[in-house]
1. With the condition kept exactly as written, say whether any residue in region 319-338 is closer than 25 Å to Ala393 by Cα and not hydroxyl-bearing (Ser, Thr, Tyr).
2. Hey, could you check region 408-426 for residues that are within 20 Å of Gly144 (Cα to Cα) and within 16 Å of the ligand (Cβ to nearest atom) and say which is least open to solvent (accessible area, probe 1.4 Å)?
3. With (1) open to solvent by less than 20 Å² (accessible area, probe 1.4 Å); (2) more than 12 Å from the ligand (Cβ to nearest atom); (3) more than 19 Å from Tyr62 (Cβ to Cβ) as the list, and Phe369 as the residue in question, which single condition is left unmet?
4. What residue, among those in region 20-30 that are open to solvent by less than 10 Å² (accessible area, probe 1.4 Å) and within 11 Å of the ligand (Cβ to nearest atom), is farthest from Phe218 (Cα to Cα)?
5. Within region 115-141, work out how many residues are in contact (Cβ under 8 Å) with a residue 40 or more places away in the chain and open to solvent by 10 Å² or more (accessible area, probe 1.4 Å).
6. Looking at region 272-316, which of its residues are part of a loop (DSSP other than H, G, I, E, B) and farther than 19 Å from Lys42 by Cα?
7. Tell me, yes or no, whether region 305-320 has at least one residue that is crowded, with 23+ Cβ neighbours inside 10 Å and within 16 Å of the ligand (Cβ to nearest atom).
8. With Tyr521, Tyr444 as the choices, which residue is more than 16 Å from the ligand (Cβ to nearest atom) and more than 25 Å from Lys276 (Cβ to Cβ)?
Amino acid sequence: MEDWKVYTHRERIAYFSMEIGLSQDIPTYSGGLGILAGDTIKSAADLKVPLIAITLCHRKGYFRQTLDEHGWQHEHPRPWQPEKYMELLPVKTLVSIEDRDVKVQAWLYRVKSPTGGVVPVLFLDTDIPGNADQDRRLTDHLYGGDLAYRLKQEIILGIGGARLLSALGFRIRKYHMNEGHASLLTLELLNRCRRHVEDSWDERTAWDTQMVADQCVFTTHTPVEAGHDRFPYDMVERILGKQVPYPLLRELAGKDELNTTLLALNLSRYVNGVAKKHGEVSKALFPGFEIHAITNGIHPFTWVSPYFVSLYDRYLPGWANEPEMLVRVDLIPDDDIWDAHMGAKAYLLQYIRETTGIELETDVLTIGFARRAATYKRGDLIFTDPERLLAIAGGRLQLVFGGKAHPQDTPGKEIIQRIIGNIRKYGDRIRAVYLPNYNMEVAYRLIPGVDLWLNNPIRPLEASGTSGMKAALNGVPNFSVLDGWWIEGHIEGVTGWSIGPKPKDVKPEADTTESDARDLYDKLEKVIMPLYYRDRAGWIQVMKNAIGKNGYYFNTHVMMRRYVTAAYLA
Ligand SMILES: *Cc1c(COP(=O)(O)O)cnc(C)c1O
């Protein structure tokens with residue numbers, strides 16, 4: 001194995017993310033944000049972009065979910081051993097937390113591409129003898145604990161991460177903050193860019209915010225005010241101490257509370273949202289800032305089922321590192337597309353049988369819905385009018401659900417419970433299943449194996465969404481509210497179908513639940529089911545369009561090239 005020091009030979013982009021989802025063996029992610037980070041890193045490795053990623057090791061793992069007979073979610077630790085997959089680096093650094101010195105070490109994981117590219121990923125860890133017991137637990141739980149715990153984790157990620165990179169000898173061209181969690185790194189950079197200026201009275205310090213901003217790139221993911229991390233300044237003073245003078249900090253991060261998004265916005269030369277619509281929403285949330293948009297993606301090879309991998313390999317060799325080639329999907333015969341899809345479907349149905357004992361049917365239109373059970377995603381929307389749904393279905397519809405709620409998200413858990421309640425109640429009239437413990441491995445089976453991918457968030461809260469891109473790349477058309485990436489990917493009846501009004505026809509704050517549900521039922525009944533059952537060639541053309549007009553473009557290879565040209569080299 002290459003010595004880690006070779007990675008210090010080139011100047012690198014440092015990519016900071018509180019969660020990174022690379023594989024199921026390393027359970028340090030909770031959902032879309034972490035998987036995006038993992039997919040970004042994999043594409044960077046494929047494309048040989050000189051990147052290094054930094055995250056926390058979250059030793060207790062993001063939880064394993066079980067569901068009881070009442071449909072209630074239970075959480076279990078999912079501990080893992082970094083030493084099984086990673087190399088402990090010999091250099092440590094220190095951060096100060098509540099006036100205690102806390103040692104920070106890092107585990108090195110190498111993401112290797114078949115192209116020969118490698119991206120090192122550092123998993124920061126404070127579970128070190130000599131650290132106070134409470135500090136040894138700071139890198140245990142992803143999004144666990146209280147606000148103070150969260151602030152301490154952000155100190156380790158941002159300040160500890162930046163210091164460790166220096167201590168290891170890395171030269172960094174840009175610091176890329178994936179969401180605001182890492183924005184305290186700007187305080188470390190401010191200290192490095194401080195100049196002492198003499199004047200007649202005293203020695204004064206000049207804080208060069210421009211010089212910091214020149215080094216920073218910030219990607220925001222949150223489309224609502226309440227979603228951004230905020231810490232009261234008395235807590236910040238107690239825990240973080242004095243990194244920079246508080247008047248300066250309040251200027252940069254907010255008068256009343258430290259808002260990590262504001263801090264990152266003020267200290268980044270390049271800022272972007274994660275879809276065109278989200279860029280606009282972010283500009284409205286933070287007037288006065290220039291906010292660009294780079295639409296998210298997914299890593300092609302990671303998310304294509306084995307059935308489509310062999311199909312693409314046969315007809316479009318080279319597609320995995322050049323997904324643009326999928327634009328020529330029409331040269332693949334219909335039968336081959338259908339056979340590959342039926343392979344993925346059979347694989348899913350087998351998995352469902354093995355894990356739940358439930359038998360679904362191969363030739364019945366199967367709708368999938370799986371993602372974090374956050375309330376805005378409205379997982380139970382399809383059950384708004386169960387009688388209507390059952391009447392439309394008439395035995396010719398199946399539903400597959402999945403998703404975890406954050407342990408502290410009671411309304412999210414109630415959504416899961418309502419879905420499972422409906423499945424119980426109507427189970428003899430519509431086949432449906434809630435798959436427990438949704439994670440990368442489950443997603444990899446579930447998404448390619450359904451016939452239609454459903455997505456019905458409250459607008460404009462789905463900043464981008466990526467599971468629909470995974471579906472498209474596997475020839476599974478989207479049936480989705482026009483929000484996030486789908487506004488850019490949707491051509492009605494060509495790449496898939498919309499639910500509800502066009503973005504420009506939605507008033508902010510309007511409750512569209514009833515009309516969205518009605519539109520969902522109408523389109524399912526009058527357009528989607530007739531096409532699926534009566535015009536198989538027409539359906540396969542939509543599958544091909546999902547691949548050729550969505551999949552070829554909405555991937556992290558395309559996305560990474562845009563980050564390189566717009567943000568990293570700028
Ligand atoms: C892709 C993925 C997500 C993101 O799904 P969205 O629909 O974009 O929210 C979440 N969890 C897992 C396990 C995934 O694979």
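1. Residues of region 319-338 closer than 25 Å to Ala393 by Cα: 338.
Now drop any that are not not hydroxyl-bearing (Ser, Thr, Tyr), which leaves 338.
Yes, region 319-338 contains a residue that is closer than 25 Å to Ala393 by Cα and not hydroxyl-bearing (Ser, Thr, Tyr).
2. Among those that are within 20 Å of Gly144 (Cα to Cα) and within 16 Å of the ligand (Cβ to nearest atom), it is Gly412.
3. (2)
4. Narrowing region 20-30 to residues open to solvent by less than 10 Å² (accessible area, probe 1.4 Å): 20-21, 26-28.
Add one more test, that the residue is within 11 Å of the ligand (Cβ to nearest atom), and what stays is 21, 27.
Working: Gly21: 19, Pro27: 25 Å.
Out of the qualifying residues, it is Pro27.
5. So the count comes out to 5.
6. Restricting attention to region 272-316, the residues satisfying the condition of being part of a loop (DSSP other than H, G, I, E, B) are 274-275, 286-291, 294-299, 304-305, 316.
Answer for region 272-316, where residues must be part of a loop (DSSP other than H, G, I, E, B) and farther than 19 Å from Lys42 by Cα: Ala275, Phe286, Pro287, Gly288, Phe289, Glu290, Ile291, Leu316.
7. Checked region 305-320: at least one residue is crowded, with 23+ Cβ neighbours inside 10 Å and within 16 Å of the ligand (Cβ to nearest atom).
8. Working: Tyr444 fails: more than 16 Å from the ligand (Cβ to nearest atom).
Going through Tyr521, Tyr444 in turn, just one is more than 16 Å from the ligand (Cβ to nearest atom) and more than 25 Å from Lys276 (Cβ to Cβ): Tyr521.
The values are calculated or read from the model by the stated rules, or taken from the named source; none is laboratory data. Keep in mind the model is a prediction, meaning the values are calculated, not measured. Neighbour counts run over all protein chains shown; Cβ positions are idealised from the backbone, glycine included. What goes into the accessible areas is simple: the full protein's heavy atoms, side chains included, and nothing from ligands, DNA or RNA. Shrake-Rupley method; radii C 1.70, N 1.55, O 1.52, S 1.80 Å.
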